[in-house]
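For reference, the structure is listed below as structure tokens.
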Amino acid sequence: EAEPAVGGGPSSACRARRLYVSFREVGWHRWVIAPRGFLANYCQGQCSLPATLPGPGGPPALNHAVLRALMHSAVPSAAGLPCCVPARLSPISVLFFDNSDNVVLRHYEDMVVDECGCR
Amino acid sequence: ARGPTAPGPAAALLQALGLRDAPRGAPKPRPVPPLMWRLFRRRDPQEARAKLRWTPPGATLRPCHVEELGVAGNIVRHIPDRGAQARTPKPTMTAGQCPEWTIDFDLSAVEPAELPSRARLELRFEAAEAKAGAAPGWELSVAPAVEGVGTGPVLLRQAVAALETPVHAELLGAAWAWNASAPRSLCLALALRPQAPGACAHLAEASLLLVTLDPRLCHPLARPRR
């Protein structure tokens, strides 16, 4: 399940959008014991000014991204906008039965987008 | 020439999770050991976030580390003994030697790149009633068992005070060299000798808790921002 993609308009600034990965949808619910799925989320949105300059508490802006946004606003054809990408990620753990009837707990880093930034 | 076909989304996600193929599911559903549940609830941030009381504010779990077991690792396996079916069900009182047991663990799922950091044997015994006044206490011995060859030299001896709770024995450094990658299977011969002759016990269940570190799933810790 995903939050619908955005078009133009104020809510189109770069931020994390909801994306839930359901193991049942992928047909893994017979061997995955827990969780049932996880909130992976994804980044999308415009990285024009002022979105490129995150508000208080956000990740520090990269000068290059600001420079690029400035260039784009002055000469749009000269340089594209910065990209909206994950800026902070967190891990998940999956508990499952493997083919040898073992109960396995695997831990995966960087599986959930907590925060997006313009790069 | 056509390249290999791109994997479908499920196959791509499996690949990202480092799994060769989707397990078929447990042939017969078996209960999940409480320790594995505990490790999962402690480790899964989304689970922990849902139950804030698990994660003290400000505490961050070290990546690639199993806090509760105090070792490096990002894969924990609870491996049942494949030989459990063949064992006699009841404890026996014998006039002579107590029985030995062979236990066999299938480690074929462990990849060569995985580095074992803990291999803990968990044994549950049922003891026959010992004679009144008999001295309590047992000695557990563990030796390699090679099919068709028999039992090798004893690798681990350990005093066991009581059998009411599971007996744990650490195999890494004893039956398994520290920096050796996992064999495809681990076959051991166990013996439990009582202090008081004649009060033999029965091995009710054996399992192996194996913690490994797969460096391919571990990112070097990010350098703090200047």
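Report whether or not B:E164 is surrounded by fewer than 16 Cβ atoms within 10 Å (Cβ to Cβ) and either among the β-branched types (V, I, T) or assigned to a loop (DSSP other than H, G, I, E, B) (or both). I'd like the intermediate steps shown before the answer.
Values: surrounded by fewer than 16 Cβ atoms within 10 Å (Cβ to Cβ): yes; either among the β-branched types (V, I, T) or assigned to a loop (DSSP other than H, G, I, E, B) (or both): yes.
Here the answer is yes, as B:E164 does meet what is asked.
Would you call A:V32 modelled with pLDDT of 80 or more, closer than 30 Å to B:D81 by Cα, surrounded by 19 or more Cβ atoms within 10 Å (Cβ to Cβ) and more than 8 Å from chain B (Cβ to nearest Cβ)?
Yes, satisfied.
For the stretch A:35-80, how many residues meet the condition of being modelled with pLDDT of 80 or more, outside any loop (DSSP other than H, G, I, E, B) and over 20 Å from A:A2 (Cβ atoms)?
Residues flagged as modelled with pLDDT of 80 or more, outside any loop (DSSP other than H, G, I, E, B) and over 20 Å from A:A2 (Cβ atoms) within the stretch A:35-80 amount to 11.
Can you name the number of the only condition in (1) within 14 Å of another protein chain (Cβ to nearest Cβ); (2) under 21 Å from A:D101 (Cβ atoms); (3) at pLDDT below 90 that B:A222 fails?
So B:A222 meets the others, but not (2).
Mind checking which residues of the stretch A:94-109 are part of a strand (DSSP E or B) and either in contact (Cβ under 8 Å) with a residue 24 or more places away in the chain or within 18 Å of B:S108 (Cα to Cα) (or both)?
A:V94, A:L95, A:F96, A:F97, A:V103, A:V104, A:L105, A:R106
Which one of these is modelled with pLDDT of 85 or more, away from every other protein chain (no Cβ under 14 Å) and in contact with a Ser or Thr (Cβ under 6 Å, 6 or more places away or on another chain): B:R193, B:R184, B:R157?
On the way: B:R193 fails: in contact with a Ser or Thr (Cβ under 6 Å, 6 or more places away or on another chain); B:R184 fails: away from every other protein chain (no Cβ under 14 Å).
Among B:R193, B:R184, B:R157, only B:R157 is modelled with pLDDT of 85 or more, away from every other protein chain (no Cβ under 14 Å) and in contact with a Ser or Thr (Cβ under 6 Å, 6 or more places away or on another chain).
State yes or no: is B:P183 under 18 Å from the mean Cα position of the chain (by Cα), within 26 Å of B:G73 (Cα to Cα) and part of a strand (DSSP E or B)?
Here the answer is no, as B:P183 does not meet what is asked.
Tally the residues that are surrounded by 18 or more Cβ atoms within 10 Å (Cβ to Cβ) and either more than 10 Å from every other protein chain (Cβ to nearest Cβ) or at pLDDT below 80 (or both), restricting the search to the stretch B:26-43.
2
Considering only the stretch A:66-114, how many residues are within 14 Å of another protein chain (Cβ to nearest Cβ) and touching a strand residue (DSSP E or B) at 6+ places or on another chain (Cβ under 7 Å)?
28
The values are calculated or read from the model by the stated rules, or taken from the named source; none is laboratory data. All values derive from a computational prediction rather than experimental measurement. As a convention, Cβ positions derive from the backbone with ideal geometry for all residues, glycine included, and neighbour counts pool all protein chains shown.
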